[in-house]
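**Student:** Here you go, one structure.
Here, each number is a calculation from the coordinates, and none is a lab measurement. Model, not experiment: these values are computed from the prediction. Every residue, glycine among them, receives a Cβ derived from its backbone with ideal geometry; neighbour counts consider all protein chains shown.
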Amino acid sequence: MDQATQKKYNQWQWKTIIILMIGYAMFYLVRKNLSFAMPVLGAEFGITKTQLGLFLTLHGVIYGLSRYVVGIITDRNSARKVMSLGLLLCALVNILFGCSDFLARLLLGISATAGDGAALASALVYIMGTLWMVNGFLQGMGVPPCTKTLTQWIKPEELATKMSIWNMSHSIGAGLAIALCGWIVIPHMGADLSGNPDAVAAIAANLGLSDLSDPKVLNFAAHYGAWRWCFLIPAAVALVGSAFLFFTMKDSPSDVGLPEIVGKKKKAIVTTPEEAAEHAAFVKKHVYGNRIIWTLAIANFFVYVVRFACLDWGPTFLTENKGLSMATATTLMLFFEFVGGNLGMVFWGWATDHIFHSKAHHTSLICMIGVALCALAFWKLPADASWFWLMLVFMLIGFFIYGPQALLGICAAQHATNRASATANGILGIFGYASTIVSGVGFGFVADHYGWDGTYLTVVIAAAVTILILATMWGAKATGYEEEAPAENA
C-alpha cells in the first residue's frame, strides 16, 4: 500500500470508527432510557419491581436471540442498511412506548388520572412489556453491523485497541441516556400535582406509604408524567441518527476504492449459492464447532449479570439502598459509565495489544478479579458512607467490568475471523442477554422479597464464576487466523 493510499485508508478507518461510535450510542439512547423511568413508573402506576424486572428480562433474552439472527443476516448483507433501519425502527417503538398510558386508557376507556387503579397498571404491563420486547428484537440490529464493519476495516493485531475505542459507544450512549433522563427529563418535565390530592394519595399508596408529606411521596409527585419524555426525546435523536448512518457509513474499504485489509480473502457480501455453501462450512468450523467461542459465550453470561445489575438497577438501589437523591444517583451512574467504563475500555484494550500479546481472555480474567473485589467492597459500604467513597468504588466496578464487556466480543471476533465475526458475536449476545433472567426479573424478585443484600451477593458470585470459566481457556491462542489460512488456500 503506497503512502497516499495508506493515508486515505487511515482517514477512512478512523472516520468509520467514529461513525459507528455515534450510531451505536444512539441505540443506547433508546434502550437504557427505561432504567431511569422505572422508579417513576413504579410510583405513578404501581408497577412492581418484579414486573419491571420482567420487562428487562424479556427485552434482554429477545435482544440476545436477535443479535444472533441478525448476525447471520449481517454476515451476508450490507451492514449499513441493517444498522440504519434498526435504529429507525427502535425510535418508532420508543415513541409508542412514550404514549403507552394513552393507549392503555383508550383500550380501557378510563380517564387520565393517577388513580385509575389496578386495571390501568395491568394494561400498562402488557402494552409496555410487548413494546419493550419488540424494541429488544430491533436493538439486535446494532452490534452485528458494527462488529462486521470493524473487522473489515481493522487489522487483527490492532483490533483490541481500536475496537475497544469503538466500544466506548456503549458507555457514551448509556451515559447520555442517564444524563438526559436523570438530570434533565425526570427533574424538570414532571407535572404539578399540588392541586390534585387524589393523585398524590395514589402515588403514596403505590409506594406503600400513608403519609402524603413523606419526602419520597413528594419527590415522585414532582416527577409525575416525566417518564414519557424519557422515550420521546431520545426517539427524536435516534431518528436523526438513523439518517446519519445511512448516508455516511461504509461497509468495507472497497466501498471507497481501497484494498481490503490483510487476511481478508473473501467478499464482504455473499451473493452466489456456491459462496453461501462455502461460507456455511467456514462458519460451522470456526464458530459452531469452536470450543473457544462457547467458553467465551458462557463467560459473557456472567459478565452481563454484573454489568446489568449496575446499569439497569443502579438508579433504584442507589436511591433505595444507599439513600441517595435521584440527582446524586445520576452522578454516580455517570461516573460508572462515562469515567469508569470509558477509561476501562480504552485502557484494557490497549493493555491487551501491548501487554497481554492480543490475548483478550487473559486481560478479561484480570478484570473480573477486580470486579469481584470492588463489588464486595461496594456491598459492605454503609448507607451513610460519603458519596465520594460510593462513587469511587462504583466507578471502579465500571472500570473493571467494561474490560471483559468489550474484550470477550473482540476475542470471539478474532477467533471466528472477519468472515464470521458477526455470527460469533451473535452467540455471545444470546448468552450475554440471557443473563437478564438473573439481572432482570431475578433481581427484581430478590429485591422485593429478600432485600438488596441478596442481589449484591449474586453479583459477587457471578464475578467469581466468570473468573473460573476464563481460567479454563488460559492456554488458548490470540486469534483463529492461523487456522483459517489452510482453508483459504485449499
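**Student:** On alpha carbon coordinates alone, what is the Rg over Rh value for region 105-242, Rh being the Kirkwood radius?
**Tutor:** Here Rg/Rh amounts to 1.12.
**Student:** Specify whether the C-alpha gyration tensor of region 292-337 places it in the rounded, prolate or oblate class, a ≥ b ≥ c being the square roots of the eigenvalues: rounded for a/c under 1.5, otherwise prolate if a/b is larger than b/c and oblate if not.
**Tutor:** prolate
**Student:** Given +1 on the Cβ of Lys and Arg, -1 on the Cβ of Asp and Glu, and no further charges, what dipole in debye does the chain carry about its Cα centre, rounded to the nearest 20?
**Tutor:** 1120
**Student:** What value, in deg cm²/dmol to 500, does the helix sum -39500 (n - 2.57) over DSSP H runs of n ≥ 4 give at 222 nm once divided by the residues of the chain?
**Tutor:** After summing the helix terms and dividing by residue count, I get -24000 deg cm²/dmol.
**Student:** Right, another one. With 32 Å as the limit, write out which pairs from LYS8/LYS32; LYS155/LYS380; LYS49/LYS380; LYS81/LYS162; LYS15/LYS322 have Cα-Cα distances beyond it, or answer none.
**Tutor:** LYS8/LYS32; LYS155/LYS380; LYS15/LYS322
**Student:** Provide, for q = 0.34 Å⁻¹, the log10 of I(q)/I(0) from a solvent-free Debye sum over equal Cα point scatterers in region 207-247.
**Tutor:** -1.03
**Student:** Another question, then. Output the peptides 189-197, 147-155 sorted from most to least packed, where packing is the average of other Cβ atoms within 10 Å over each peptide's residues.
**Tutor:** Ranking, from highest mean packing down: 147-155, 189-197.
**Student:** Classify region 356-464 from the C-alpha gyration tensor, please: rounded if a/c falls under 1.5, else prolate or oblate depending on whether a/b exceeds b/c.
**Tutor:** Oblate, because a/c is 1.5 or more while a/b does not exceed b/c.
**Student:** Per-residue HN-Hα couplings for region 16-33, Karplus 6.51 cos²θ - 1.76 cosθ + 1.60 at θ = phi - 60°, whole Hz, x for Gly and Pro?
**Tutor:** With coefficients 6.51, -1.76 and 1.60, one gets 5, 4, 5, 4, 5, 4, 5, x, 6, 4, 5, 4, 5, 4, 9, 10, 8, 5 Hz.
**Student:** Still on this structure, please answer the following. Rounded to the nearest 20 Debye, what is the dipole magnitude of region 339-478 about its Cα centre when Lys and Arg each give +1 and Asp and Glu each give -1 at the C-beta?
**Tutor:** Approximately 460 debye in magnitude.
**Student:** Can you run phi through the Karplus equation (6.51, -1.76, 1.60; θ = phi - 60°) for region 210-220 and list ³J(HN,Hα) in whole Hz, with x for Gly and Pro?
**Tutor:** Couplings: 9, 7, 5, 9, 4, x, 5, 5, 5, 4, 6 Hz.
**Student:** Here is a follow-up. What ranking do MET326, MET128 get, fewest neighbouring Cβ atoms within 10 angstrom at the top?
**Tutor:** With the sparsest Cβ surroundings first, the list reads MET326, MET128.
**Student:** Moving on to the next point. Give, to the nearest whole percent, the P(r) tail of region 414-487 beyond 18 angstrom, counting all Cα pairs.
**Tutor:** 60
**Student:** With a sphere of radius 15 Å drawn around the Cβ of VAL237, what net charge do the other residues whose Cβ falls strictly inside it have (Lys, Arg +1; Asp, Glu -1)?
**Tutor:** +2
**Student:** Taking the Cα centre of the chain as the origin and placing charges on Cβ (Lys, Arg +1; Asp, Glu -1), which of ALA205, TRP348, VAL185 is farthest toward the positive end of the dipole?
**Tutor:** Farthest towards the positive end: TRP348.
**Student:** How much net charge surrounds ALA37 when only the other residues with a Cβ under 14 Å from the Cβ of ALA37 are counted, with Lys and Arg +1 and Asp and Glu -1?
**Tutor:** With Lys, Arg at +1 and Asp, Glu at -1, the net is +1.
**Student:** For the chain, take every pair of Cα atoms, bin their distances at 10 Å starting from 0, and report each bin as a whole percent.
**Tutor:** All Cα pairs, binned at 10 Å, distribute as 4, 20, 31, 24, 13, 6, 2, 0 percent.
**Student:** Mind giving me the FRET efficiency for ALA280 and PHE246? R0 is 25 Å, r the Cβ-Cβ distance, nearest 0.05 is fine.
**Tutor:** With a Förster radius of 25 Å, E is 0.30.
**Student:** By the scheme Lys and Arg +1, Asp and Glu -1, what is the net charge of all other residues having a beta-carbon under 12 Å from that of THR455?
**Tutor:** With Lys, Arg at +1 and Asp, Glu at -1, the net is -3.
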